[in-house]
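In what follows, a single structure is set out as structure tokens and then discussed.
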Amino acid sequence: MTEELLKVQVHKRQLQGDGVVVLDLIPVGGTTLPAFEAGAHVDIHIAPGLVRQYSLCSDPADNATYRLGVLKDPASRGGSTGVHDKLLEGAEVQISVPRNLFPLVTQARRSILIGGGIGITPMIAMAYALQAQGADFELHYCGRSRSRSAFLDELQSAAFADRVVTHFDDEPAEHKLDLDALLGQGQPGVHVYTCGPSGFMDWVIESASRKGYADDHIHREYFQVEVDSSGESFEVVAAKSGKSVQVAEGQTILEALGTLGIKIEVSCEQGVCGTCLCDVLEGEPDHRDVYLTDEEKEANDQILVCCSRAKSKKLVLDI
Ligand code: FES
């Protein structure tokens, strides 16, 4: 299946905070872009073989522009540096149509949005959407310091500015986020959304669980995950060709299949996007991704080969 791609142009580019580039993308050869839901992301095809996902942070009601913010990551494997270096004003680039793995729950009684650092991006789109619905919500933006943080001007001038609360590490203690007080006791209809560095998200998720929030009331979007390739070696069989290979400790299934000349389409290579999903015919996966739901993981009939491993000695994949 060939993915539908959109050609867009960088209409405006701004550097904000410490190392965040904010890009406004407009359609090439048209005036409107496909509608998107708050929480959605697009894949940016930065260079051949280099595709990365970034959340849309513009107002979902605006179908003329997609906005996104990209933090330059010193440990970048080419994604964020490629965006910073190549996507200058006027540059054209291909992107996927928006996909939403982080949707808002409609009809929530109250929504608590908690973004850490660049994890604020999907929250901004959510705030626009909730404001347009007249919904009850708060947006909490946590970061190291005001001067290093992007999007502050936009948040301060937005129609929902009075619902935005900032928490910066270098500001007086009374501005620190008191998560327990903010969350209160979990109640039906009160939903928490978080995105940010994984330690920050773990803190929010654990706090919400401890305060009695049901799992389906805690929503998360990982944008960076460390791939853990440790664990014993196992055999992977590619059923269609009958070829098999041993996946060594420290190696991914993807890499091992590559030695057989079997190529799987990938994007994030971190278990976030779902691009490398394969069906499992036999064996028990050791799921290490953040893409599949808990139920999907329990079914053990699919695996993300960029990061997950096997609990069984052998895994047979439908490839
Ligand atoms: S390539 Fe993104 S989950 Fe594997």
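The values are calculated or read from the model by the stated rules, or taken from the named source; none is laboratory data. Computed from a prediction, not measured in an experiment: that's the story for all the values here. Glycine also receives a Cβ, built like all others from the backbone with ideal geometry; neighbour counts cover every protein chain displayed. Heads up: the accessible areas ignore ligands, DNA and RNA and are worked out on the full protein's heavy atoms, side chains in. Shrake-Rupley method; radii C 1.70, N 1.55, O 1.52, S 1.80 Å.
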Kindly evaluate Thr166 against the criterion of being open to solvent by less than 50 Å² (accessible area, probe 1.4 Å), closer than 25 Å to Val290 by Cβ and among the β-branched types (Val, Ile, Thr). no
Only one of (1) under 23 Å from the mean Cα position of the chain (by Cα); (2) away from the ligand (no atom under 13 Å from the Cβ); (3) surrounded by fewer than 21 Cβ atoms within 10 Å (Cβ to Cβ) does not apply to Lys313, and that is (1)
Any hit, the stretch 29-40, residues being over 27 Å from Ser157 (Cα atoms) and out of contact with any Lys or Arg (no Cβ under 8 Å at 6 or more places or on another chain): yes
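Conditions tested, residue by residue: (1) within 21 Å of the chain's Cα centre (by Cα); (2) closer than 12 Å to Gly17 by Cβ; (3) at pLDDT below 95.
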residue	(1), (2), (3)
Leu101	yes, no, yes
Leu104	yes, no, no
Met126	yes, no, no
Phe151	yes, yes, no
Phe160	no, no, no
List every residue pair whose Cβ atoms lie under 9 Å apart, where the two residues are 6 or more positions apart in sequence or sit on different chains, the first residue falls within the stretch 54-76 and is without any contact (Cβ under 8 Å) to a residue 40 or more places away in the chain, and the second residue, located anywhere, is small (Gly, Ala, Ser) and part of a loop (DSSP other than H, G, I, E, B). Asn63/Ala35; Pro74/Gly19
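Quick check: anything in the stretch 6-18 under 29 Å from Cys276 (Cβ atoms) and without any contact (Cβ under 8 Å) to a residue 60 or more places away in the chain? Quick ask: steps written out before the conclusion?
Quick first cut of the stretch 6-18, residues under 29 Å from Cys276 (Cβ atoms) only: 6-8, 10.
Filter once more, keeping what is without any contact (Cβ under 8 Å) to a residue 60 or more places away in the chain: none.
No, every residue in the stretch 6-18 fails to be under 29 Å from Cys276 (Cβ atoms) and without any contact (Cβ under 8 Å) to a residue 60 or more places away in the chain.
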Considering every residue within the stretch 276-287, establish whether at least one is open to solvent by 20 Å² or more (accessible area, probe 1.4 Å), in contact (Cβ under 8 Å) with a residue 24 or more places away in the chain, within 13 Å of the ligand (Cβ to nearest atom) and of a type in the set (A, V, I, L, M, F, W, C). yes
If you take the residues in the stretch 288-310 that are open to solvent by 10 Å² or more (accessible area, probe 1.4 Å) and of a type in the set (Val, Ile, Thr), which one is farthest from the ligand (Cβ to nearest atom)? Thr293
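This table checks each residue for (1) open to solvent by 30 Å² or more (accessible area, probe 1.4 Å); (2) under 25 Å from Leu56 (Cβ atoms); (3) not assigned by TED's automatic domain parsing to the domain that holds Val70.
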| position | (1), (2), (3) |
| --- | --- |
| Ala132 | yes, yes, yes |
| Ala158 | no, yes, yes |
| Asp180 | yes, no, yes |
| Gln185 | yes, no, yes |
| Arg210 | yes, no, yes |
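Looking at this structure, is Ser241 in contact (Cβ under 8 Å) with a residue 12 or more places away in the chain and within 16 Å of the ligand (Cβ to nearest atom)?
no
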Glu265 meets each of (1) open to solvent by less than 50 Å² (accessible area, probe 1.4 Å); (2) within 12 Å of the ligand (Cβ to nearest atom) with one exception, condition (1)
